[in-house]
Amino acid sequence: MAFESINYQCPACGGPLHFASAEQKLVCDYCDSRFEVEEVEALYRERQDKADAKADAAAATPKPVADDAVQEL
Ligand SMILES: [Zn+2]
């Protein structure tokens, strides 16, 4: 059941991957590509790191505060 909840997408075509317990691999429903679980997890970790970096950059960007003065009126 543990693997059922993981919704990985195929790095090749973006299709849904399902875990083939016989092979212990993630198999793409669309293009039939096979990936090691660690391989796909590493890919996703890399993407998450990039997304986090992006979010940090966006949060660091100062927002305009001009609206405050307008609301006083
Ligand atoms: Zn695929």
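Summary of values
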quantity	calculated
Per-q log10 I(q)/I(0), segment 1-59, q = 0.20, 0.24, 0.28 Å⁻¹ (Debye; single scatterer per alpha-carbon; no solvent)	-0.73, -0.93, -1.13
Under 5 Å, built H, 5+ apart or other chain: amide partners of G15	C10
Length-normalised contact order for segment 1-59 - Cα pairs under 8 Å, 6+ apart - percent	20 percent
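Laboratory data are not the source of any read-out in this text; all were calculated from the coordinates shown. Because the structure is a prediction, the values reported are computed rather than measured.
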